[in-house]
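Peer 1: Attaching a single structure in structure tokens format; questions to follow.
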Amino acid sequence: MSELWDRVTETFTALYGGPPTHLVRAPGRVNLIGEHTDYNEGFVLPMAIDRAIWIALRPRPDRHIKLYSLDFANEFTFSLDRITYSQEGWGKYIKGIAWVLHNNGYQLSGWEGVIVGDIPIGAGLSSSAALELAAAAAFAAASGFAWEPTSMAKLAQVSENSWIRVKSGIMDQLVCANGKQGHALFIDCRNLEMTPITLPPEASVLILDTSTRRELADSEYNKRRRDCAVAAAKLGLSALRDAKLEDLSNPQLDPVLPKRARHVITENARVLAAVTALQSGNLAELGNLLNASHASLRDDFEVSRSELDQMVALAEAHPDCYGARLTGAGFGGCVVALVRRGAEKEFSERVAAGYLAATGLNAEIYAVNAADGVQIIGHLDIAPPIRKN
Ligand code: GLA
């Protein structure tokens with residue numbers, strides 16, 4: 001039984017004087033390859049990971065949401081009758097989900113709960129998508145509506161774009177909702193078709209946290225997204241998904257746009273090649289694709305930073321590493337590395353020592369496993385709470 005599961009349940013019982021009726025779990029994710037391609041209607045290959053956000057909850061007979069965070073040691077409350085925008089910390093993600101569900105016709109009930117998580121925040125492992133989907137699952141459990149993973153992922157993205165005001169693509173929410181244990185998820189972000197791809201037993205997926213965090217990430221992210229939209233429009237395309245390498249010499253594209261477009265074109269090709277490499281068990285080829293993805297993110301898309309480059313260089317130099325790259329939006333956070341199974345410990349120690357020597361920073365390095373997407377556990381057949389209004 002998960003430690004986090006126990007902690008939310010115990011705290012819930014102590015705080016509210018009775019057990020929760022439901023537990024929900026929403027995982028973080030690591031993207032193996034396919035970065036900044038989702039909002040260009042391209043391809044991505046992420047996996048949900050065994051780090052997650054948990055909420056223990058119980059419906060309330062009124063229209064209030066009361067949620068205590070073990071990580072922040074504070075409580076967030078609001079009424080479903082007054083969902084107003086404000087910039088409050090983690091609670092705004094919960095409110096944003098209430099807002100988007102309400103706007104889309106879901107009948108919401110109040111609930112009280114306790115939340116905890118072990119996804120590092122701002123590290124590129126999608127703690128915000130997990131928080132959004134955990135909140136959506138809590139509303140589904142408390143209000144008694146059916147859980148439809150892809151619809152919920154799309155609504156969570158609407159909240160992220162319009163309430164949180166980060167113009168992120170659909171990858172994080174989709175894989176958080178639809179992840180499959182032991183598999184990465186190959187997603188075509190044009191039609192949202194998802195294909196689980198078995199992960200090879202002879203390799204471990206390692207997260208190498210540079211302990212730097214995104215700075216100015218949201219505005220830079222939105223800027224990259226705009227660059228891509230402008231480049232597509234100048235090429236007369238609806239999305240860069242359809243751009244070809246020969247388009248890069250188009251004089252319509254100003255100095256920076258050919259680089260942005262080249263990243264998207266080559267990254268999409270790398271994702272397709274990575275799926276083939278995984279299916280044929282060619283880990284050396286997969287590793288080369290990861291390394292090439294990092295170079296493209298660094299040089300063409302310009303979303304890396306020196307600590308990420310340093311970490312990737314140290315990982316790539318290790319004989320048991322197939323390949324490594326920054327993962328997530330960039331600007332800080334984590335590197336993902338594919339390492340020969342059995343070599344994790346020695347790899348981690350050597351890379352962490354090299355990283356400390358080079359940057360003066362402590363790296364946190366750990367293995368992750370591919371996990372299932374959102375889970376709702378509990379008495380889903382309980383009678384809906386009596387409404388007072
Ligand atoms: C963030 C966004 C995703 C995606 C990645 C970059 O994680 O939320 O939609 O664009 O950055 O690949």
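The values are calculated or read from the model by the stated rules, or taken from the named source; none is laboratory data. Every value quoted in this text rests on a predicted model; they were computed, and no experiment measured them. Positions of Cβ are backbone-derived with ideal geometry, glycine not excepted, and every protein chain shown enters the neighbour counts. Accessible surface areas use protein heavy atoms only, side chains included; no ligands, DNA or RNA. Shrake-Rupley method; radii C 1.70, N 1.55, O 1.52, S 1.80 Å.
Peer 1: Does Glu160 qualify as being in the same structural domain as Val24 (by TED's automatic domain parsing), of a type in the set (Asp, Glu) and under 15 Å from the mean Cα position of the chain (by Cα)?
Peer 2: Values: in the same structural domain as Val24 (by TED's automatic domain parsing): yes; of a type in the set (Asp, Glu): yes; under 15 Å from the mean Cα position of the chain (by Cα): yes.
So Glu160 fits the description; yes.
Peer 1: Follow-up. I'd like the full set of residues that are without any contact (Cβ under 8 Å) to a residue 40 or more places away in the chain and closer than 22 Å to Ala135 by Cβ, limited to the range 15-50.
Peer 2: Of everything in the range 15-50, just one residue is without any contact (Cβ under 8 Å) to a residue 40 or more places away in the chain and closer than 22 Å to Ala135 by Cβ, namely Pro19.
Peer 1: Another question, then. May I ask you to verify whether Val374 is more than 30 Å from Ser151 (Cβ to Cβ) and either in contact with a Cys (Cβ under 7 Å, 6 or more places away or on another chain) or of a type in the set (Val, Ile, Thr) (or both)? Don't jump to the end; show me each part of the working.
Peer 2: Numbers: more than 30 Å from Ser151 (Cβ to Cβ): no; either in contact with a Cys (Cβ under 7 Å, 6 or more places away or on another chain) or of a type in the set (Val, Ile, Thr) (or both): yes.
Considered against the rule, which asks whether it is more than 30 Å from Ser151 (Cβ to Cβ) and either in contact with a Cys (Cβ under 7 Å, 6 or more places away or on another chain) or of a type in the set (Val, Ile, Thr) (or both), Val374 comes out as no.
Rundown of residues vs (1) hydrophobic (A, V, I, L, M, F, W, C); (2) touching a helix residue (DSSP H, G or I) at 6+ places or on another chain (Cβ under 8 Å), yes/no style:
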site	(1), (2)
Pro201	no, no
Val205	yes, no
Thr210	no, yes
Ser219	no, no
Ala243	yes, yes
Leu248	yes, yes
Pro251	no, no
Ala269	yes, no
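Peer 1: Out of all the residues in the range 307-361, which are without any contact (Cβ under 8 Å) to a residue 12 or more places away in the chain and among the basic types (Lys, Arg)?
Peer 2: Lys345
Peer 1: What number goes with the only condition from (1) part of a strand (DSSP E or B); (2) more than 16 Å from the ligand (Cβ to nearest atom) that Val8 does not pass?
Peer 2: With respect to (1) part of a strand (DSSP E or B); (2) more than 16 Å from the ligand (Cβ to nearest atom), Val8 is out only on (1).
Peer 1: To continue, here is another question. Of all residues in the range 349-360, which are open to solvent by 50 Å² or more (accessible area, probe 1.4 Å) and either assigned by TED's automatic domain parsing to the domain that holds Ile55 or among the hydrophobic types (A, V, I, L, M, F, W, C) (or both)?
Peer 2: Of everything in the range 349-360, those that are open to solvent by 50 Å² or more (accessible area, probe 1.4 Å) and either assigned by TED's automatic domain parsing to the domain that holds Ile55 or among the hydrophobic types (A, V, I, L, M, F, W, C) (or both) turn out to be Ala353, Leu356, Ala357, Ala358.
Peer 1: Let me ask you something else. Would you say Asp254 is open to solvent by 20 Å² or more (accessible area, probe 1.4 Å), in a loop (DSSP other than H, G, I, E, B) and assigned by TED's automatic domain parsing to the domain that holds Phe331?
Peer 2: Numbers: open to solvent by 20 Å² or more (accessible area, probe 1.4 Å): yes; in a loop (DSSP other than H, G, I, E, B): yes; assigned by TED's automatic domain parsing to the domain that holds Phe331: yes.
Yes, satisfied.
Peer 1: A follow-up question, please. Just wondering, is there one or more residues in the range 199-222 that are crowded, with 18+ Cβ neighbours inside 10 Å, touching a residue at least 24 places away in the same chain (Cβ under 8 Å), among the aliphatic types (A, V, I, L, M) and assigned to a loop (DSSP other than H, G, I, E, B)?
Peer 2: The answer is yes, given that some residue of the range 199-222 is crowded, with 18+ Cβ neighbours inside 10 Å, touching a residue at least 24 places away in the same chain (Cβ under 8 Å), among the aliphatic types (A, V, I, L, M) and assigned to a loop (DSSP other than H, G, I, E, B).
Peer 1: Step by step: first the residues of the range 308-331, then only those that are within 12 Å of the ligand (Cβ to nearest atom) and not in a strand (DSSP E or B), then the one that is farthest from Ala129 (Cα to Cα). Which residue is that? It would help to see each step written out before you state the result.
Peer 2: So in the range 308-331, the residues within 12 Å of the ligand (Cβ to nearest atom) come out as 325-331.
The next check asks that each one be not in a strand (DSSP E or B); those that pass are 327-331.
On the way: Thr327: 15, Gly328: 12, Ala329: 13, Gly330: 16, Phe331: 18 Å.
Per the stated criteria, the residue is Phe331.
Peer 1: Separate question: Val230 versus (1) more than 15 Å from the ligand (Cβ to nearest atom); (2) outside any helix (DSSP H, G or I): which is the lone unmet condition?
Peer 2: (2)
Peer 1: Go through (1) farther than 23 Å from Val351 by Cα; (2) buried (at least 20 other Cβ atoms within 10 Å of the Cβ); (3) among the aliphatic types (A, V, I, L, M) one by one and return the number of the condition Leu290 breaks.
Peer 2: Of the numbered conditions (1) farther than 23 Å from Val351 by Cα; (2) buried (at least 20 other Cβ atoms within 10 Å of the Cβ); (3) among the aliphatic types (A, V, I, L, M), the odd one out for Leu290 is (1).
Peer 1: Given the criterion of a type in the set (A, V, I, L, M, F, W, C) and within 16 Å of the ligand (Cβ to nearest atom), identify the matching residue among Ala52, Ala14, Ala26, Ala56. Please lay out each step first, then the result.
Peer 2: On the way: Ala52 fails: within 16 Å of the ligand (Cβ to nearest atom); Ala14 fails: within 16 Å of the ligand (Cβ to nearest atom); Ala56 fails: within 16 Å of the ligand (Cβ to nearest atom).
Only one candidate passes the filter, namely Ala26.
Peer 1: Residue check, Thr84 against (1) part of a loop (DSSP other than H, G, I, E, B); (2) within 16 Å of the ligand (Cβ to nearest atom), all met but one. Which one?
Peer 2: (2)
Peer 1: Taking the range 105-157 only, how many residues are over 14 Å from the mean Cα position of the chain (by Cα) and among the aliphatic types (A, V, I, L, M)?
Peer 2: Total satisfying the criteria: 14.
Peer 1: Moving to a separate point now. Among the residues of the range 155-167, which ones are buried (at least 22 other Cβ atoms within 10 Å of the Cβ) and within 10 Å of the ligand (Cβ to nearest atom)?
Peer 2: Within the range 155-167, Gln157, Glu160 meet the criteria.
Peer 1: Quick check on the range 72-90. Is at least one of its residues open to solvent by less than 40 Å² (accessible area, probe 1.4 Å), outside the structural domain of Ile207 (by TED's automatic domain parsing) and within 22 Å of Arg29 (Cα to Cα)?
Peer 2: Yes - at least one qualifying residue is present in the range 72-90.
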